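Comments concern the structure below.
What follows draws every value from the coordinates through simple rules; no lab data is involved. Here the structure is a predicted model, which means the values were calculated and not measured. Here Cβ is always computed from backbone atoms with ideal geometry, including for glycine, and neighbour counts include all displayed protein chains.
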Amino acid sequence: MQDTYWAEPQDTYEERRQEYLAFCAAQTPDNKRTGFFSQIARLELGYPIDETALRQGIAFANSRQDCCDFAVGGLLRILYLYADSPHLDAQLKNEIEACLLGFKYWWDEPAGDNRRCYHTENHQIIFHSDELLAGQLFKDQIFKNNGEDGRAHMAHALHFIRRWLDWRLRFGFSEWLSNCYFEEDLLALVNLYDFAEDAEIRSLAGTLIDTLLYEMALHTYRGVFGCTHGRSYPRLIKGGRRESAASTAKLVFGMGLFTDPASLGTVPLATSNYRCPPILSAIAADLDPPMRARERHSLNLEDAPAHGLAYDSIEDGHLYWSIQDYLHPSVVELSKRMSDIYGVRLHEDYEQRYQQMFGWQLDTYGKIVDPDMDCHALTEVHIETFRTSDYLLSCAQDYRPGKPGYQQHIWQATLGIDAVVFTNHPGSDDETSRPNYWGGNGIMPRAAQVENVLICIYHLPDDDAYPFSHAYFPRHAFDEVIERANWVCARKGTGYIALHTQHPPRWMADGETPDVELRVDAPDTIWVCEMGREADWDCFMGFVNAITESALHHDGLDIRYGSPSVGEVTFGWEAPLRIDGQEVSVRSSLRYDNPYCQVPVSETAWTVRRGEDHLDIGVRNEGG
């Protein structure tokens, strides 16, 4: 079932909600883990359900496989909202209750397999919200896995929920602007907003939903969450048609595409009491005049003591693991202790990876000279996004350059739902590994952006298995493409992009689709991207001529580029970013710095303003 893409805001929220519920109800995804979320929409509409799909979800939760906490979140939503539905028979309801009473809700419970992932940012809050809401439902019943009653589970979960909510309010999301993991955060947060008995928890959950949607509003372009991401996957960044966040964008902002009838975030929103504040929808639609947004999220582990955090605290270890910096020398012993005590699975064997990352440093120097070598780490990030009515350009500035990568998506230009451009260094030749051919980076680049101009430098080891970088540039998605002197210039509607490398790029197919990949067969490559639009140029050819005739000088890993829009840009692997000789900081001293608010780091309450309207985030009093 195909949905219609909306590039402009359409319909009222209630109309969109009904449209999404109907979209979900019309299909049952072939996904035994969470495909049953489409049945939540059917229950909301009062339709009969596919009991097989629901039983598959129950079976998956009972299996205790990785991601079973997602399924439990959906099952809880069904019991809270539809326990009395005539379409949920007594036997099925009993099976859900038995599943919830037998589930293992955290790694400190004594029975069950700990090979599933508990510890990333999204999993933590889903497990904790699952435990709280299950405890509320069965306060006086004994849970089979640890022999505790529901009240004990509530107390256990509330402690961790409060810490997680506090960390996100203070430090932001380490899985920054993620077009998949934001959806999973929404599952937990909307469940808490709707069902938590504790009024403070409901209020804090609402605050973080507002925060998450505010960040989406700033970084979506006509419903496409086409920005840098802390974690993503190839299917989500190769255009917006399979992007998990697209359904949420269309529901709450009125732009985008309903892509997923079993979305972990959108289905809860569409069946919730929560309503997106109108000011956030208006910000998502503010495409003219151009907007520059700078942000800062997460934290570096060396800064932890300044925030009252300890390197030997298991409870603080939850935060370090949510940042996925398991091997930093300051916490590697804590990681080992936590893993040994609870038998918790990390992504790879930490001892082997520690030797790979740090053993050679100890052998060579007698000490660790570079502690930031964990590929998973989602440490402090500084983001620049520039959005106009014709395009969005977004970058994680100077983010861990030269370090091993995982799923970090460093930069992207977005001109439409299919017309997206980005570069990466492949970590494998498939699209399933992490990192892989398009998702993440084997070795991360050094990138920097000022408004509509971005420079991205790759500096790869001589013995790298994939000694090249490449651009995802789907030629077919653009209305016009002109190649000239190592520049590839393209137009989508009235938006323009120009991409350059000092080495001749060559077009390659992506599967059966020709001319999608622009590959540069060199380990050291400097990519230059400049965006433009008809409003700033007489025509596309005027843009092309000005760009391709501009001065460009390369000196090893340094570049000097005479941008016709921002002035002379200089940058290098070690050199700072300068515009017309003036150094430009790629670090933000604020958490948010945009036309709607300026918020200091660690501030937990702020006001978003747009014209005469305003929204106080952090002081919500209502709840589900």
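Observations, loosely collected:
- Cα coordinate range in region 301-365, projected on the principal axes (Å, largest first): 34, 28, 16
- Mean projection area, nm², convex hull over Cα of region 343-403: 6.5
- Selection of trypsin sites (Lys or Arg not before Pro), region 270-371, meeting DSSP coil and at most 16 other Cβ within 10 Å: Arg275, Lys367
- When the charge dipole of the chain is built from unit charges on Cβ atoms (+1 for Lys and Arg, -1 for Asp and Glu) and taken about the Cα centre, the candidate among Ile455, Gln356, Gly308 whose Cα reaches farthest toward its positive end is Gly308.
- Bins of 10 Å, starting at 0 and running to the largest distance - Cα pair percent for region 384-588: 9, 38, 39, 13, 1
- Each helix, a run of at least 4 DSSP H residues, gives -39500 (n - 2.57); summed and divided by the residues of the chain, these come to -10000 deg cm²/dmol at 222 nm.
- Relative contact order (%) - region 13-286, alpha-carbon pairs under 8 angstrom, separation at least six: 20
- Cα point-scatterer Debye curve for region 264-375, base-10 log of I(q)/I(0) at q = 0.21, 0.23 Å⁻¹: -1.10, -1.25
- Per-bin percent of Cα-Cα distances, region 501-578 [10 Å]: 15, 38, 35, 12, 0
- Shown here for region 335-418: GluC sites (Glu not before Pro) in loop regions (DSSP other than H, G, I, E, B) with at most 12 other Cβ atoms within 10 Å, of which there are none.
- Cα Rg over Rh - region 146-219, Kirkwood: 1.02
- When the C-alpha to C-alpha distance is required to be over 29 Å, the pairs from Lys93/Lys238; Lys93/Lys336; Lys403/Lys492; Lys336/Lys367; Lys250/Lys403 that qualify are Lys93/Lys238; Lys93/Lys336; Lys403/Lys492; Lys250/Lys403.
- Region 384-588 - charge dipole about Cα centre, Lys and Arg +1 at Cβ, Asp and Glu -1, debye rounded to 20: 380
- Relative contact order (%) - region 4-53, alpha-carbon pairs under 8 angstrom, separation at least six: 28
- Charge dipole (Cα centre; +1 on Lys/Arg Cβ, -1 on Asp/Glu Cβ; no other charges) of the chain amounts to roughly 560 debye.
- On Cα atoms only, tilt of 121-137 relative to the major axis of the chain in degrees: 20
- Stretching the chain fully between Val369 and Val566 yields a gain of 67.2 nm (0.36 nm per residue, less the alpha carbon separation).
- Above 30 Å, the calculated P(r) of region 13-286 contains 24 percent of its Cα-Cα pairs.
- Among the GluC sites (Glu not before Pro) found in region 496-546, those both in a DSSP coil and sparsely packed, with 15 or fewer other Cβ atoms within 10 Å of their Cβ, are Glu512.
- Descending semi-axes in whole angstrom, ellipsoid equivalent of the chain, from the Cα gyration tensor: 40, 29, 22
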